[in-house]
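Asks: This structure is in structure tokens; I'll ask about it shortly.
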Amino acid sequence: MDGIVGALASEARATPPASRRQPYPFTAIVGQEEMTRALILAAVDPGIGGVLILGDRGTGKSTAVRALAALLPEMSVVAGCRFGCDPAAPAQMCESCRELRHRPVAKVPVPVVDLPLGATEDRVAGALDIERALVDGAKVFQPGLLARANRGFLYIDEVNLLEDHLVDLLLDVAASGENLVEREGISLRHPARFVLVGSGNPEEGELRPQLLDRFGLAVEVRTPTDLATRVEVVRRRDSYDRAPAAFCESWRAAEARLRRRILRARSRLGEIATPDATLEAAARLCMTLGTDGLRGELTLIRAARALAAFEGRDSVTADALRLVAGAALGHRLRRNPLDEAGSRARVDRAVAESLGP
């Protein structure tokens, strides 16, 4: 999760602070509790598998992703590494970093990398540096978006419109945590572990089932329908646009509190107990829903454990399963032409049957 490639870090440090507007504070987001909870759980445990956010335009999807990344503390990387390798994780380093006898450390912000729908495979995966090849005659690898996103967030807007060849590439990298590039005389493997966040409007097209299943959590966001919420959203956004620094400063204490909670939850994940009764309840729920494979149970348990750690609990309870069941299982259901209820209604009904009210 934490990290960024050295080149991107250098660019960020070279930009004068006055020229960069601070991202909108995560804690200032109004409503959208399920979306913000899912993003927080993914920050606590990146192994959950990313977040898919579906719904109306203009509901704060991209704002929330960038706000969460800005909320997280700067992370340690091997200074100068093109892939932002973690100095504390030799097993996940690139070949160059593993060969270093001394690894200088730098602090960099958590990256949020946008993957445009029209991006070429070379831009995403990386390719031969043509300029170096023409000028120096050297075969030098030019890192792509996957390298820049390593240990950060890879954000894809309108992910349901992503081209098939990029979907296949993402599936391979998401499964292995590495990006393998073999083209133009280059054979290179580098770490590419990131939290995949996708957003889109389901009315504009459906995701391929293989990609949909790769998202650990999926949530729906809607435009607020009550007057008070809409007014508060506009009021806060207008205040931010008029005076970003002052607005962010007013939320600095709340941001710091949430940051501490996330960091504490990360440190406690390994201590959270998962009783057999909870495992049985998760399996019973997935059997009731008829989910394929065991990815549903595994994601449900990981998300509930992350929630328990975030809330300061010592074990995973049925209440935690109830809170995350919709996000963890709703997008994994088979279509039932005889059941007109939506996936969320079906999950809620199964939760009531399997876990009780």
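Asks: Would you say Glu249 is in the same structural domain as Asp129 (by TED's automatic domain parsing), surrounded by fewer than 16 Cβ atoms within 10 Å (Cβ to Cβ) and farther than 30 Å from Gly144 by Cα?
Replies: Judged against the criteria, Glu249 is not a match.
Asks: Under 6 Å by Cβ, and 6 or more places apart or on different chains, what pairs join a residue from segment 52-63 that is on the phi > 0 side of the Ramachandran plot with one that is at pLDDT 80 or above and β-branched (Val, Ile, Thr)?
Replies: Close Cβ pairs satisfying both conditions: Gly55/Val221; Gly60/Ile29.
Asks: Do you know which of the residues in segment 202-231 that are surrounded by 14 or more Cβ atoms within 10 Å (Cβ to Cβ) and out of contact with any helix residue (DSSP H, G or I) (no Cβ under 6 Å at 6 or more places or on another chain) is nearest to Ile48 (Cα to Cα)?
Replies: Per the stated criteria, the residue is Phe215.
Asks: Also: Restricting attention to helices (runs of 4 or more DSSP H) lying wholly within segment 185-254, give those where 3 or more residues are out of contact with any Lys or Arg (no Cβ under 6 Å at 6 or more places or on another chain) and closer than 21 Å to Tyr24 by Cα.
Replies: Qualifying helices (runs of 4 or more DSSP H): 227-242, 244-250.
Asks: Quick check, is Ala175 assigned to a strand (DSSP E or B), under 18 Å from the mean Cα position of the chain (by Cα) and over 20 Å from Pro111 (Cβ atoms)?
Replies: no
Asks: Here's another thing I want to ask about it. Which is more than 28 Å from Ala325 (Cβ to Cβ) and at pLDDT below 90, of Asp2, Asp56?
Replies: From the options Asp2, Asp56, the qualifying one is Asp2.
Asks: In segment 177-199, what residues are at pLDDT below 85 and either of a type in the set (A, V, I, L, M, F, W, C) or open to solvent by less than 70 Å² (accessible area, probe 1.4 Å) (or both)?
Replies: Val181, Arg183, Gly185, Ile186, Leu188, listed by residue number.
Asks: Only one of (1) over 30 Å from Glu74 (Cα atoms); (2) surrounded by 12 or more Cβ atoms within 10 Å (Cβ to Cβ); (3) hydrophobic (A, V, I, L, M, F, W, C) fails for Leu294. Which number is that?
Replies: (2)
Asks: Return yes when Asp276 is of a type in the set (Asp, Glu) and assigned by TED's automatic domain parsing to the domain that holds Ala320 and no when it is not.
Replies: Yes, satisfied.
Asks: Separate question: Can you report the number of residues in segment 72-87 which are surrounded by fewer than 21 Cβ atoms within 10 Å (Cβ to Cβ) and either out of contact with any strand residue (DSSP E or B) (no Cβ under 7 Å at 6 or more places or on another chain) or at positive phi (or both)?
Replies: Residues that pass the stated criteria total 3.
Asks: Could you please let me know if Asp348 is acidic (Asp, Glu), out of contact with any Ser or Thr (no Cβ under 6 Å at 6 or more places or on another chain), open to solvent by 80 Å² or more (accessible area, probe 1.4 Å) and outside any loop (DSSP other than H, G, I, E, B)?
Replies: yes
Asks: Same structure again: Please go through (1) touching a Pro at 6+ places or on another chain (Cβ under 9 Å); (2) more than 20 Å from Ile262 (Cβ to Cβ); (3) in a loop (DSSP other than H, G, I, E, B); (4) not basic (Lys, Arg) for His102 and return the number of the only condition it doesn't satisfy.
Replies: Status for His102: all satisfied but (1).
Asks: Right, here's the next one. Let me confirm something: among Leu321, Leu289, Leu285, Leu300, which residue is aliphatic (A, V, I, L, M), in contact (Cβ under 8 Å) with a residue 12 or more places away in the chain and touching a Lys or Arg at 6+ places or on another chain (Cβ under 8 Å)?
Replies: Only one candidate passes the filter, namely Leu289.
Asks: From the list Leu115, Leu146, Leu170, which one is on the phi < 0 side of the Ramachandran plot, open to solvent by less than 10 Å² (accessible area, probe 1.4 Å) and in contact with a His (Cβ under 9 Å, 6 or more places away or on another chain)?
Replies: So the residue among Leu115, Leu146, Leu170 that is on the phi < 0 side of the Ramachandran plot, open to solvent by less than 10 Å² (accessible area, probe 1.4 Å) and in contact with a His (Cβ under 9 Å, 6 or more places away or on another chain) is Leu146.
Asks: Shifting gears a bit: With of a type in the set (Ser, Thr, Tyr) and in contact with a strand residue (DSSP E or B) (Cβ under 8 Å, 6 or more places away or on another chain) as the only criterion, which of Thr229, Thr225, Thr274 stands out?
Replies: Exactly one of Thr229, Thr225, Thr274 is of a type in the set (Ser, Thr, Tyr) and in contact with a strand residue (DSSP E or B) (Cβ under 8 Å, 6 or more places away or on another chain), namely Thr274.
Asks: Among the numbered criteria (1) crowded, with 19+ Cβ neighbours inside 10 Å; (2) of a type in the set (Gly, Ala, Ser); (3) in contact with a Pro (Cβ under 9 Å, 6 or more places away or on another chain), which one does Ala38 miss?
Replies: Among (1) crowded, with 19+ Cβ neighbours inside 10 Å; (2) of a type in the set (Gly, Ala, Ser); (3) in contact with a Pro (Cβ under 9 Å, 6 or more places away or on another chain), Ala38 violates only (3).
The values are calculated or read from the model by the stated rules, or taken from the named source; none is laboratory data. Keep in mind it's a predicted model, so treat the numbers as computed, not measured. When we count neighbours, we look across all protein chains shown, and the Cβ atoms used for this are built from the backbone with ideal geometry, even at glycine. Calculation scope for accessible area: heavy atoms of the full protein, side chains included, ligands and nucleic acids excluded. Shrake-Rupley method; radii C 1.70, N 1.55, O 1.52, S 1.80 Å.
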